[in-house]
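Novice: I am attaching a structure below and will ask some questions about it afterwards.
Just so it is clear, none of the values below were taken in a lab; they were calculated from the coordinates. From a predicted model like this one, the values you see are computed outputs, not experimental measurements. Positions of Cβ are backbone-derived with ideal geometry, glycine not excepted, and every protein chain shown enters the neighbour counts.
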Ligand code: ADP
Ligand code: MG
């Protein structure tokens with residue numbers, strides 16, 4: 001038999017390794033921007049063409065490189081940031097592994113220009129497939145420029161995997177935002193296809209936050225600053241009023257690198273406790289500084305995930321720091337425990353976690369609902385109530401019996417109802433035209449039907465009706481638009497403006513006619529005709545919040561999200577008094593829905609109290 005094993009050619013091995021570091025244009029942006037600030041730049045410009053697919057360039061005024069370094073920096077494991085093996089363990093989590101430029105050179109065409117302040121001439125290099133194809137001296141101001149062209153030109157499979165320009169551009173903006181937040185003392189700008197999207201003057205963190213997220217945060221930020229021997233935390237959190245329904249603007253940095261850590265995010269959010277509604281997320285931009293040795297090195301750095309050697313300490317500390325900040329601004333009603341010097345010892349920080357915090361966690365909503373759910377499950381399956389599910393479902397047999405008992409129903413009604421019954425999924429929603437409909441607690445619509453009484457949640461029902469209506473509007477010619485006499489000016493943050501810009505045609509389809517009007521500003525020329533509201537800006541903000549979440553930007557998914565956001569906004573609310581006609585209308589339209597029993601959030605829309613249940617309960 002022939003031998004089968006062969007060693008991969010170097011350029012192929014490089015490409016494969018590069019795939020781990022550079023997955024999309026945004027990953028290269030992160031690496032290049034971080035290199036620029038590592039080089040001590042005070043000004044960093046990012047130039048993007050075609051969402052980074054044809055060009056990404058970062059120009060900095062940092063220390064620059066010598067001619068030799070310029071050639072060497074593209075080598076695998078080439079770095080100036082690690083000098084001893086010990087350093088490797090301390091720094092590798094922060095992304096200093098000397099892999100970024102090597103990876104970029106393996107999957108794109110690169111042009112590097114660089115000059116140190118002490119050198120008369122700079123160096124210009126061109127690379128393709130990791131090989132230098134041209135080198136010459138060049139005139140260049142102090143610093144470095146790295147341009148990467150035609151990302152994945154030699155890995156078509158990866159290129160095809162990239163998403164639409166709008167989506168890739170948003171990933172890029174996110175990475176840009178992370179680095180810009182961490183270094184407010186550095187000037188940053190970003191242009192896309194020649195248009196400047198960000199222009200961030202040097203300043204302090206608070207100014208940077210407002211530049212990035214808009215003026216509306218100006219009076220809404222609370223400073224956080226706590227120091228211990230173990231770690232420091234500083235930054236800003238949003239007042240409870242800034243909490244949003246989606247986990248959008250939450251930024252956590254460890255030693256100036258952006259990280260994701262759901263556990264710590266939970267520590268922050270839970271510090272708000274009853275101050276914000278469950279399931280809403282406050283703004284934060286927080287910076288943790290600690291000895292890098294306290295960070296677990298076995299986590300892949302490009303994934304932005306991070307583990308701490310002692311996570312519980314960090315959790316307790318962060319949570320108390322947030323409580324402290326909220327309390328200082330007399331927002332929190334009370335403090336858990338303060339962080340006076342006496343408490344700065346590790347033990348003292350640990351203690352509250354193991355005692356108070358545990359109790360507190362057990363009293364918390366998540367814990368309780370978890371426990372309750374388990375108990376409910378036990379009762380449901382082991383007690384003789386296990387057939388209670390039947391009360392909520394009709395069986396074909398029952399229907400027959402009921403029909404026979406109701407001779408007074410006219411033939412026409414019979415055929416109407418037959419139609420409903422044959423509809424999949426909503427066999428049990430049958431409003432009798434002759435029976436009364438009334439409202440309970442201004443929240444439920446109650447009516448009689450053959451098998452019993454139906455109690456329908458007005459808000460959930462109407463939301464479902466509108467959701468299906470909006471969803472089907474995507475297929476047709478769209479929603480009717482009511483032109484407004486006085487166009488409304490909509491001001492947005494740069495990021496939001498970008499998102500809106502990328503979905504203008506979709507918004508128009510849904511009845512929102514917006515026109516760009518200067519930087520980050522739009523004019524609302526028209527709104528959905530059938531669904532007037534007194535606050536279109538708020539509706540747009542809700543839509544934005546829903547579609548912004550970058551994890552779900554497949555076109556289909558985000559249209560669905562947009563439909564949901566609009567349905568939520570336009571539907572009647574619990575607590576609203578409804579006329580009988582409106583209630584009938586909602587029931588009727590719900591009965592025509594494709595999915596009339598379960599709300600798009602997964603909640604039941606109505607329940608039924610069956611006649612059998614009544615008979616059984618009264619025993620007569
Ligand atoms: P790392 O950042 O992990 O060291 P990189 O591949 O990103 O690895 O960069 C390799 C080396 O190239 C860096 O250690 C640094 O010495 C040099 N370098 C990269 N970018 C710049 C820059 N913008 N200015 C100056 N030196 C740079
Ligand atoms: Mg680097």
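Novice: Order by neighbour count: 249, 128, fewest other Cβ atoms within 10 Å first, most last.
Specialist: Going from least to most buried by this count: 128, 249.
Novice: Give me the distance between the Cα centres of segment 120-168 and segment 436-482, rounded to whole Å.
Specialist: 55
Novice: Using label points projected 7 Å from each Cα along Cα→Cβ, tell me how many nm separate residue 533 and residue 592, to one decimal.
Specialist: Using points 7 Å along Cα→Cβ, the separation is 2.4 nm.
Novice: Can you give the FRET efficiency for residue 50 and residue 10, using 1/(1 + (r/R0)^6), R0 = 22 Å, r = Cβ-Cβ distance, to the nearest 0.05?
Specialist: 0.15
Novice: Report the FRET efficiency, 1/(1 + (r/R0)^6), for residue 455 and residue 174, where r is their Cβ-Cβ distance and R0 is 45 Å, rounded to 0.05.
Specialist: Calculated transfer efficiency: 0.50.
Novice: Express in nm, to one decimal, how much length is gained between residue 161 and residue 438 on full extension, taking 0.36 nm for each residue of separation and deducting their alpha carbon distance.
Specialist: Stretched out fully, the residue 161 to residue 438 stretch lengthens by 94.3 nm.
Novice: Sort 164, 596 by Cβ crowding within 10 Å, fewest neighbours at the top.
Specialist: 164, 596
Novice: A follow-up question, please. Classify segment 10-200: rounded, prolate or oblate, from the alpha-carbon gyration tensor (a ≥ b ≥ c, eigenvalue square roots; a/c under 1.5 rounded; otherwise prolate if a/b is larger than b/c)?
Specialist: rounded
Novice: Any idea how far apart residue 204 and residue 484 come out in nm if each label point goes 7 Å out from Cα toward Cβ?
Specialist: Inter-label distance under the simple model: 3.7 nm.
Novice: Across 5 Å bins from the origin, how do the percents of Cα pairs in segment 205-263 run, short distances first?
Specialist: 4, 14, 25, 27, 19, 9, 3, 0
Novice: Now, a different point. Can you give the extra length, in nm with one decimal, that the chain gains between residue 615 and residue 218 once fully stretched, where that is 0.36 nm per residue apart less the Cα-Cα distance?
Specialist: 136.7 nm
Novice: While we're here: How far apart, in nm, are two points set 7 Å out from the Cα along the Cα-to-Cβ line at residue 491 and at residue 185?
Specialist: Between residue 491 and residue 185, the simple spin-label model gives 3.1 nm.
Novice: Grab the Cα-Cα distance for residue 17 and residue 80, subtract it from 0.36 nm times how many residues apart they are, and report the gain in nm with one decimal.
Specialist: Stretched out fully, the residue 17 to residue 80 stretch lengthens by 20.7 nm.
Novice: Then there's this: Determine the distance separating the Cα centre of segment 483-515 from the Cα centre of segment 178-247; give it in Å without decimals.
Specialist: 25
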